[in-house]
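Read-outs throughout are calculated quantities, based only on the coordinates presented, and are distinct from any laboratory measurement. The model shown is predicted, which means the values in this text are computed figures rather than measured ones. Every residue, glycine among them, receives a Cβ derived from its backbone with ideal geometry; neighbour counts consider all protein chains shown.
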Amino acid sequence: MAASVRLVGRAIELKELVKYSRGSIVSRTLVDKRAGTLTLFSFAKGQGLSEHTAPYDAVVIVLDGEAELTIGGKPVRAVEGQMVIMPANVPHAVRAVERFKMLLVMIRQK
């Protein structure tokens, strides 16, 4: 899937494109191309993604709230306006300290 036609060529308030849902995680893929993906997430407080690896570098940009990411066993706190780079093939996890929204940028190619 390419970028949604209604998103192209417009200024967009990213954090308004995904809503919070009590006790859960919501995701919305904005772009899915060979070179990479852009996916929005909202996490209810206490929700998270368990430790896993990805074969690609990824960037998490926190749009709202506060998260704790664990990268290679080391915790990193991030709040609105901050980003965290996660290197390929390094175990990582995400947990919502407070409810939060993020944009995940997966970079598949050089």
| field | ³J(HN,Hα) computed for each position of segment 49-56 - Karplus, 6.51 cos²θ - 1.76 cosθ + 1.60, integer Hz, glycine/proline x | value | 10, 5, 4, 7, 10, 9, x, 10
| remark: GLU51 and LYS33 label points (each 7 Å along its Cα→Cβ direction) are spaced in nm at 3.5
| field | 24 Å Cα-Cα threshold exceeded, pairs from LYS15/LYS45; LYS45/LYS74; LYS19/LYS74 | value | LYS19/LYS74
| said: With +1 on the Cβ of every Lys and Arg and -1 on the Cβ of every Asp and Glu, and nothing else charged, how large is the dipole of the chain about its Cα centre, in debye rounded to the nearest 20? | reply: 300
| query | Using the Karplus equation 6.51 cos²θ - 1.76 cosθ + 1.60 (θ = phi - 60°), what ³J(HN,Hα) coupling, rounded to whole Hz, does each residue of segment 7-21 give in order, writing x for Gly and Pro? | reply | 9, 6, x, 10, 7, 10, 8, 3, 5, 8, 8, 9, 9, 7, 9
| field | Among ALA67, ALA35, ALA54, residue whose mean-square fluctuation peaks in a GNM of the chain (springs only between Cα atoms under 10 Å) | value | ALA35
| note | Two pseudo-spin positions, 7 Å from Cα along C-beta at VAL26 and at LYS74, lie apart in nanometres by 3.4
| field | Entry for semi-axes √(5λ) of the Cα gyration tensor in Å (calculated from the structure that is shown) out of (i) 34, 13, 12; (ii) 19, 18, 15; (iii) 21, 19, 11 | value | (iii)
| message | Students often forget the sequence filter, so: which aspartates and glutamates lie under 17 Å Cα-Cα from LYS33 once same-chain residues fewer than 8 apart are removed? | response | ASP57
